[in-house]
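Since every read-out is calculated from the coordinates, none of them should be taken as a lab result. Note that the structure is a prediction, hence the values are computed from the model and not measured. Using ideal geometry, Cβ is built from the backbone for each residue, glycine included, and neighbour counts are taken over all protein chains shown.
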């Protein structure tokens with residue numbers, strides 16, 4: 001719902017002022033990053049979902065720009081402009097428009113211009129405490145606006161990755177499972193193929209692969225190079241002979257591996273099915289991991305400690321659920337992912353979202369990895385929800 | 001649009017133009033240009049209520065979507081490319097038996113390790129790690145490409161719009177792979193590209209189409225029915241047995 005009428009706009013501004021007050025009182029500095037962002041920098045970071053819905057255009061100098069589809073990346077850029085060494089902690093809050101294309105024009109599935117109010121806590125040394133602070137503030141902000149009928153749902157991408165890391169399977173399979181995790185269909189397809197011992201290769205390549213010895217990678221490059229020369233196929237384009245051969249060698253190795261065990265597949269499926277109150281969910285994951293004889297190290301301890309710290313920080317666990325699968329398709333998050341939502345209300349009920357995105361700042365040019373956690377509130381949805389429940 | 005004329009858009013150049021003209025002549029509706037020889041208007045002998053406009057195949061698709069012409073002959077690929085709701089705006093009445101070509105996902109032939117869409121997500125992720133940017137797909141079919149890639153769960157790529165000479169972009173380095181239309185496959189081969197095994201996005205063909213968004217006065221509806229019935233009669237009569245299912 002776009003803020004089109006004057007009354008609507010005013011109500012939204014009043015709500016936003018109250019929200020940013022909550023943030024400012026907690027020590028978050030209000031910032032206003034640009035609405036115009038360089039397209040390349042931005043689009044390469046976000047998932048295709050977001051990418052396809054971003055307003056991209058070229059200015060008169062031929063520079064490709066976009067209207068920001070969210071504020072997290074612009075705020076992260078602002079932080080790096082102020083602190084190129086990325087060696088300080090910073091807390092920022094914001095309230096402003098973001099833009100996403102929706103099919104169907106103005107009458108389409110959602111507004112094309114909408115507002116977000118949010119916070120980013122960048123460079124925090126104490127990680128779980130920082131997460132609790134951000135979640136608590138987001139909850140406080142929406143409650144302050146009058147929302148009472150909501151659920152807090154969260155997941156932990158780092159925990160899933162730790163599970164994959166702990167499995168006794170080839171490293172390249174781990175990489176593939178982690179890479180495909182955001183695409184459920186492709187992920188389950190890969191699980192099925194690995195458990196059947198299948199490698200997806202064309203026949204011609206299968207013969208070539210049979211001649212490659214993973215223990216002799218240099219010879220493999222020669223074999224592939226000769227094969228291409230004989231077939232009169234030039235090595236053209238942007239992938240090197242080394243890259244292509246590396247993957248062919250992976251296929252060669254796969255052909256010699258024993259398939260992924262049923263036990264392992266079941267463990268992954270059982271893990272992804274965990275959904276419910278946080279302590280029960282943690283207990284269930286603990287049981288699964290123990291039964292499988294795996295050690296998830298810090299990741300599991302962090303996940304368990306997080307639940308305690310949330311509770312101590314005043315977050316009501318009674319309205320909270322942990323879902324292992326949650327956040328899998330939200331691209332730049334790297335750990336905690338959460339959402340304040342009205343159950344069964346679809347997209348309109350997704351009031352606020354956020355999480356940890358430790359890899360983002362380095363991809364934007366930070367000299368090292370920078371911990372960062374934040375949250376954004378869809379203020380129009382919040383206003384509608386509050387008014388809806390008031391009536 | 002003026003008055004009650006039914007506007008029929010026809011390709012203005014190339015094989016599509018010739019074959020469209022043959023089709024209509026064969027069905028007893030010869031077309032000819034009016035006014036200047038290099039102009040863009042025409043008429044059909046015996047059908048005074050029809051105004052012919054000669055446009056590029058791409059313009060025909062867009063004009064149908066926007067309701068600027070009533071009917072048109074153009075490629076199915078171009079119709080579907082007009083947007084996610086193409087079928088709501090354009091009625092694909094019938095395939096015309098010419099202009100067949102496939103819209104395919106193609107990669108450099110030297111990518112021996114890549115043969116299916118399932119490879120693309122993984123290759124994209126590795127590529128991002130190695131090169132710091134996403135795979136670039138050069139194409140003029142942004143809608144068809146996005147939908148197809150999404151259906152196959154591939155997201156780690158960016159589209160680079162290419163309005164011509166798409167097949168040359170991987171060798172030139174301006175893109176890593178392409179989505180393009182191919183009829184014989186010779187251009188792909190000549191550029192050392194190969195289609196993915198499951199990379200067929202659309203089997204396209206020249207279509208007779210009608211706009212759902214245009215205003216259709218009674219006279220236009222009649223003209224449409226007249227054209228359709230003459231084409232159908234010709235279709236039944238033709239020995240080539242163009243059996244069409246739609």
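So the values come out like this:
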quantity	calculated
For the range A:313-378 versus the range A:22-101, the gap between their alpha-carbon centres in whole angstrom	17
Cβ-based exposure ranking for B:129, A:68, B:146, A:193, in which fewest neighbours within 10 Å come first	B:129, A:193, B:146, A:68
Residue A:273-residue B:4 FRET efficiency (beta carbon distance; Förster radius 45 Å; 0.05 resolution)	0.10
Contour excess over end-to-end distance, with Cα ends at residue B:221 and residue B:150 and 0.36 nm allotted per residue	21.7 nm
Dimensionless Rg over Rh [the range B:99-246; C-alpha; Kirkwood]	1.12
Distance in nm between pseudo-label sites at residue A:206 and residue A:317 (7 Å out along the Cβ direction from Cα)	5.3
Relative contact order (%) - criterion: Cα under 8 Å, at least six apart; region: chain A	24
Prolate/oblate/rounded label for the range A:297-338 (Cα gyration tensor, a/c 1.5)	oblate
For the range B:46-146: relative contact order, % (alpha-carbon pairs under 8 angstrom, 6 or more apart)	21
In Å, descending, principal axis extents of the Cα set of the range B:138-187	28, 24, 15
The range A:197-296: relative contact order in percent, alpha carbon pairs under 8 Å with at least 6 residues between	30
Packing-based exposure ordering (other Cβ within 10 Å, fewest first) of B:53, A:153	B:53, A:153
Spin-label pair residue A:226/residue B:142, simplified geometry with 7 Å Cα→Cβ offset, distance in nm	4.8
Bridge type composition, chain B - antiparallel percent by DSSP, nearest 5	65
Cβ-derived FRET efficiency at R0 22 Å, residue A:178 paired with residue A:256, nearest 0.05	0.50
Gain on full stretching of the segment that runs from residue A:350 to residue A:241 - 0.36 nm per residue minus C-alpha separation	34.6 nm
Fully extended contour minus Cα-Cα distance, from residue A:9 to residue A:263, at 0.36 nm per residue	85.9 nm
Most mobile listed residue (A:352, A:130, A:311) in chain A, GNM with C-alpha springs under 10 Å	A:311
Cβ-based exposure ranking for A:188, A:227, in which fewest neighbours within 10 Å come first	A:188, A:227
Modelled label reach - residue A:41, point 7 Å along Cα→Cβ, the range A:357-391 residues with backbone N closer than 14 Å	A:361-367
Shielding by other protein chains, B:113-122, mean Cβ within 10 Å	6
Peptide-level mean, for A:185-193, of C-beta atoms on other protein chains within 10 Å	2
Max mean-square fluctuation residue, GNM over chain B, Cα-Cα springs under 10 Å, options B:73, B:90, B:159	B:159
Debye intensity ratio in log₁₀ form over the Cα atoms of chain A, taken at each q of 0.07, 0.10 Å⁻¹	-0.40, -0.77
Sites residue A:64 and residue B:22, calculated FRET efficiency, Cβ-Cβ separation with R0 35 Å, nearest 0.05	0.20
Rounded to 5, the percent of DSSP beta bridges in chain A classed as antiparallel	90
Average partner coverage of A:372-378, which counts Cβ from other chains inside 10 Å	0
Max mean-square fluctuation residue, GNM over chain B, Cα-Cα springs under 10 Å, options B:196, B:92, B:112	B:112
Label-point gap, in nm, between residue B:129 and residue B:36 - each point 7 angstrom along Cα→Cβ	6.1
